[in-house]
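Some notes on the structure that comes next.
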Amino acid sequence: MQHPVGFRINPVANRATLTNFWAVMTNKILIVTYWHTILAAIATAAFFVIGISAYHLLRRNEVDLFRKAASIAMVVAFIASLGVAFVGHMQAQVMTKVQPMKMAAAEALYDTETGASFSLLTIGNLSGQPIFQIRLPHLLSVLATNSRNGRVEGINDVQALERYGPGSYTPVIWRRFWDRSIFFGSLVPAVLWGVAWGNILRGVPVDPQRIGSSPACSTVPQ
């Protein structure tokens, strides 16, 4: 329902009626979110296998078996993660076109900009205006438009258009921004897992007593 297509409003029944099933199945939002979800699920499963393998390897159980399992899972996780990043980039571009407010809120971008920067950290006041920011120049425009000087609409400008009639289209900015920030922040453990597993698979000794602090083992319940 983020980008409804292939329907019309039935004035008699006062409800949406399907008019084009193929338009629904080829909805650009559906396509990118479907593959984003599938690839993320594959990556999650691969990390889960890595976690189980780590648990047994650090206890020297069936070393050859779990080393092979971990090696295969790492390849799968790497490829799936690249896919997630690539499709996520496509999803960001689709979202910029069909849900500009969602993109603007995710980046706490209040005014339309060309060459928009990407927010690493934004702290705002109670009125919703930023008072401290750490941003990477041009990166948001690249993510949204594939151009370092691309135009990205801001929260105030999207709201002023009222594209679908009078009303407030502005979400809870801090919640949307921190949802996005936590998501990107979760990539840091993935990097740590990669470093840890690079050591393990190269045969670097690891103290089994430190199993609870192993980054890879944190992917499964203890």
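The values are calculated or read from the model by the stated rules, or taken from the named source; none is laboratory data. What you see is a predicted model, and the numbers here were worked out from it, not measured in a lab. Glycine gets a Cβ as well: all are built from the backbone with ideal geometry, and neighbour counts include every protein chain shown.
Output the residues belonging to region 46-67 that are buried (at least 17 other Cβ atoms within 10 Å of the Cβ) and β-branched (Val, Ile, Thr).
Correct list: 49, 50, 52.
Which numbered condition in (1) hydrophobic (A, V, I, L, M, F, W, C); (2) in a helix (DSSP H, G or I); (3) closer than 30 Å to residue 180 by Cα is the only one that residue 5 fails?
(2)
What tally of residues in region 95-109 results from selecting those that are touching a residue at least 24 places away in the same chain (Cβ under 8 Å) and surrounded by fewer than 20 Cβ atoms within 10 Å (Cβ to Cβ)?
3
Considering region 163-174 alone, what residues qualify as being modelled with pLDDT under 75 and part of a helix (DSSP H, G or I)? I'd like the intermediate steps shown before the answer.
Let us first name the residues in region 163-174 that are modelled with pLDDT under 75, namely 163-165, 174.
Result: 174, single match.
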